[in-house]
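Encoded as structure tokens, the structure appears first; notes follow it.
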Amino acid sequence: MIEPTQIIEESESELTITWSDGSETRFNAPQLRRQCPCAGCIDEWTGKKILNDSDVPDDLVIKHTSIVGRYALNFHFSDGHETGIFSFEYLKTMS
């Protein structure tokens, strides 16, 4: 499994992850929020996206980032959303 070797909060709206395969991915807060995998954003039964991308402001920021175990990150966004658990595997597929 490919895992992060470094996670850098570049600013309150950008995050860079360096992966164990040597690749690097830069994420921004609106991108992460629009791809949130939580049950409030994705229908658990159908997998259909519920969240409307246009409802996420382009000036959204990450207020706080938490590490979940050894497998994921949780972002607390400025719009109050904080229920998404972004597994490292999921984040890597987003790159």
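How large is the Rg to Rh ratio of the chain when both quantities use alpha carbon positions and Rh follows Kirkwood? List each step's numbers first, then the result.
Working: Rg = 12.9 Å, Rh = 13.6 Å.
Checking Rg against Rh, the ratio lands at 0.95.
Using 7 Å Cα-to-Cβ label points, what is the residue 14/residue 83 separation (nm, one decimal)? Using points 7 Å along Cα→Cβ, the separation is 3.1 nm.
One decimal place: the segment residue 1-residue 67 gains 22.0 nm when fully extended, by the rule 0.36 nm per residue minus the C-alpha distance. Ignoring the sites themselves, the chain has its longest run without GluC sites (Glu not before Pro) in a DSSP loop having at most 13 other Cβ atoms within 10 Å at 45-95.
Among the trypsin sites (Lys or Arg not before Pro) in the range 1-62, which ones are in a DSSP loop with at most 11 other Cβ atoms within 10 Å of the Cβ? Mind listing them? Display every interim value, and only then the final one.
Values: sites: 26, 33, 34, 48, 49; in loops: 48.
Counting only loop positions with at most 11 other Cβ atoms within 10 Å, the trypsin sites (Lys or Arg not before Pro) in the range 1-62 are 48.
Cβ distances below 4.7 Å define possible disulfide partners, and in the chain the cysteines left without one are 38. In terms of its C-alpha gyration tensor, the range 37-81 comes out oblate, because a/c is 1.5 or above while a/b does not outweigh b/c. With a sphere of radius 15 Å drawn around the Cβ of residue 71, what net charge do the other residues whose Cβ falls strictly inside it have (Lys, Arg +1; Asp, Glu -1)? Once positives and negatives cancel, what remains is 0. Could you work out the local net charge near residue 95, counting Lys and Arg as +1, Asp and Glu as -1, over the other residues with Cβ closer than 10 Å to its Cβ? My count for the surroundings of residue 95 gives +1. Once both labels are positioned 7 Å from their Cα atoms along Cα-to-Cβ, the gap between residue 59 and residue 44 label points is 3.6 nm. Across 21, 53, 79, mean-square fluctuation computed from a Gaussian network of the chain (C-alpha pairs under 10 Å connected) peaks at 21.
What shape does the range 1-48 take by its C-alpha gyration tensor, where a ≥ b ≥ c are the square roots of the eigenvalues and a/c under 1.5 counts as rounded, a/b above b/c as prolate, and the rest as oblate? Could you put the intermediate results ahead of the total?
Details: a/c = 3.60, a/b = 1.61, b/c = 2.24.
Judged from the Cα gyration tensor, the range 1-48 comes out oblate (a/c at least 1.5, b/c at or above a/b).
Read the figures in this text as sums done on the coordinates, not as results from a lab. Just so it is clear, the model here is predicted, and its values are computed rather than measured. Glycine also receives a Cβ, built like all others from the backbone with ideal geometry; neighbour counts cover every protein chain displayed.
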